[in-house]
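Input: a single structure, listed below in C-alpha cells.
Just so it is clear, none of the values below were taken in a lab; they were calculated from the coordinates. It should be emphasised that the depicted structure is a prediction, and the values quoted were computed from it without experimental measurement. Backbone-built Cβ (ideal geometry, glycine too); neighbour counts: all protein chains shown.
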Amino acid sequence: MAKHGWRLDRAIHNYLYFAFYYPYVKIAYLVFRFLANHFSWFKPFGALLKPAFNRYHAKILSFSDTQKILELNADLSAVSAKNKQIVPYKYAYKILLQEPDYIAVMDCPCKKTLNAPAWSINSCICVGKTTAQFWLDRCGKKYHARKISQNQALDLIKTFRAQGYLTQAFFKVATGGSLGVICNCHINSCVSLQATMFARRFDPSLSMSANSGYSIEHNTTLCRNCGTCAKICQFGAIRFRDNIWTYDSPICIGCELCAEHCPQQAITLVRDPNKTVPLDLDLIKAEYAE
Ligand code: SF4
Ligand code: SF4
C-alpha cells in the first residue's frame, strides 16, 4: 500500500498483476491483437490506447546501462518529473531501486503467451526486495520464481544478448510507477514489443518502448559486409542490399545488439542528443537522484 501512495486500487492491481502474471499478459495480448486485426480502420482507438501506454511501458537498455543496475549496491531514488527525459511517459517514470542486490527471476509471461522456446522462458528479472520477495512468496511454484545473485542476473542477460535478445526495463503504474523488472526481449516473443506493432496500426506515434538514448556509428573501413548486423536488428534499422549498408537512425532504438554481434567491431554505440536520455545510473546519480 505504501508503495502505491496508499491507493488501494493500485495495490490490488499490483497484486493481481503478479499473482496472475501469465493470464493477465495473455488476455492483454489477445485483446490488443483482436483490436489490431479487426478494428485498425477505427483510428480513434489510438487515443484510447494512449492512457494504457502511459501506464505501462519499457526503457531499452544498452549492455553497460544494464550492468550498472545489476551491480548497484546501494538504494537509489530518482522520482521527479525530470525523469520523463529518460522515460518519456505521463505516469510511470520513477527510478527507484531499494535493496537492488535482492534479485529474483521467474517465468516470462510474454514468452509463455507467444510459445517461445523452453530454454528462454525463465527470464524475467526483478531487482529490489519488495517485489522480488513477493515473487518468491507468491509465484515460486507457479512461475518457477527463484532468487539469484547479481552475477547470475548479469550472466543471464549476457546469455540472452548472445542469442539476439535485447534488454528492457519495465515501468508500470500498477507496480508503483517505478523501475523494477528487467527482461530479455525479442520481437517474436515479447508482448510489449508486439503491442507497439499493433498500436501503430491506429497511431504511428505510439510506442511501448522508449529508445535507449543511443544511436550507432559505422566504421566502413573495418566493415567486411557480412550482413550480421542487419540480421540481428529486430527493427530493420540496418539494411544490407547489394553490398550496400544503410542505417535509419530514427528507427534504431539503440539496443546495441548490432555492435555486440559485429565480428569486426565496426559498430559503436554513441549517445544521441536527438533521442531520450539514457537510463545510465552514473548520470542519474549525478543529475537526477534525490
Ligand atoms: S556485422 Fe559488422 S562487419 Fe558485418 S556488415 Fe555489419 S558492420 Fe559490417
Ligand atoms: S541498429 Fe543496432 S542498436 Fe539500432 S535497433 Fe538495430 S540492432 Fe539495435
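Per-structure values
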read-out	value
Rounded if a/c under 1.5, otherwise prolate or oblate - segment 78-128, Cα gyration tensor axes	oblate
Ordering of 161-170, 201-210 by burial proxy (mean other Cβ atoms within 10 Å per residue, highest first)	161-170, 201-210
Cα gyration tensor shape of segment 1-148, rounded if a/c is under 1.5, else prolate or oblate by comparing a/b with b/c	oblate
Calculated SAXS-style log₁₀ I(q)/I(0) at q = 0.11, 0.15, 0.16 Å⁻¹ - the chain, Debye, Cα scatterers	-0.64, -1.22, -1.39
Potential extension, Arg7-Lys43 segment - 0.36 nm per residue separation minus Cα distance	9.7 nm
Segment 214-271: Rg to Rh, with Rh as the Kirkwood radius over Cα pairs	0.90
Distance (nanometres) between label positions extended 7 Å along Cα→Cβ at Ser77 and Leu30	4.2
Kyte-Doolittle mean at least 1.0, axial Cα span of 27 Å or more - DSSP H helices of the chain	none
